[in-house]
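Down below is the structure, laid out as C-alpha cells.
What follows draws every value from the coordinates through simple rules; no lab data is involved. What you are looking at is a predicted structure, and each value in this text was computed from that prediction instead of being measured. Every residue, glycine among them, receives a Cβ derived from its backbone with ideal geometry; neighbour counts consider all protein chains shown.
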Amino acid sequence: MIVIDPSVHACGWATFAGSDLVSAGVLQPQKLDHLADLLIQVLPWREHHLCLIERPRIYPHSPVPPNDIVTLGIAVGIATALARQNGLQVRYVFPTTLNKTVTTHRVQKTVDTDQLLCDIPKSLRHNAIDAIHLGQLEVKK
C-alpha cells in the first residue's frame, strides 16, 4: 500500500507491505508541476495495488488561504492520476482528528522516526508521520 499526505509545500508518503512499514519520506517540489516527477521517481507504484490519499478538508475558521486549498486539490489530483495510471485502486481518507502531538506519539511507539526520517528536516517530518499514521490505521481495519 502507498499512502500520500499531500500538502502545498511538502508531500508526505509511506509504503507498506501488508502491515509492515517499508519506507517513508517527504517530497518538496520546487513547483507543483514537479510533484508528479518526484512521485514517479520515489514510489514503487508497480509493487502495490492500493493508494490511500489524504482527502483535503477545510476546517471552520481555518487561517489557510483559499488559493492554498486549490493548490492542495491539484496535488491530490496529481497523486490520483499517477496511482490510477499505474493500476492502483485509490481510496481517499479524511485526516485524523487527533492533534499532531498525539499522532506523532502513536507513530513513534512503533517506528524510530529519528532513524527512518533522519535525512528530512525535523520541521517537515510531520508530513511523513501523518502518512505513516494513516497507513497504520488502515492496516488495523
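Annotations for the structure displayed:
- Taking the stretch 78-103 as the range and being under 16 Å from the mean Cα position of the chain (by Cα) and either crowded, with 17+ Cβ neighbours inside 10 Å or of a type in the set (Gly, Ala, Ser) (or both) as the test, the residues that pass are Ile78, Ala79, Thr80, Ala81, Leu82, Ala83, Leu88, Val90, Thr103.
- Looking only at the stretch 30-70, residues that are of a type in the set (D, E, K, R) and either touching a residue at least 60 places away in the same chain (Cβ under 8 Å) or in a helix (DSSP H, G or I) (or both) come to 6 in all.
- Remark: pairs (first residue in the stretch 87-115, hydrophobic (A, V, I, L, M, F, W, C); second residue part of a loop (DSSP other than H, G, I, E, B); Cβ separation under 8 Å; 6+ apart in sequence or on different chains) = Leu88/His48; Leu88/His49; Val93/Arg55; Phe94/Arg55; Phe94/Arg57.
- Gly135 being surrounded by 10 or more Cβ atoms within 10 Å (Cβ to Cβ), out of contact with any Asp or Glu (no Cβ under 7 Å at 6 or more places or on another chain) and at positive phi: no
- Among residues of the stretch 104-125, those that are in a helix (DSSP H, G or I) and either crowded, with 19+ Cβ neighbours inside 10 Å or aromatic (Phe, Trp, Tyr) (or both), counted: 4
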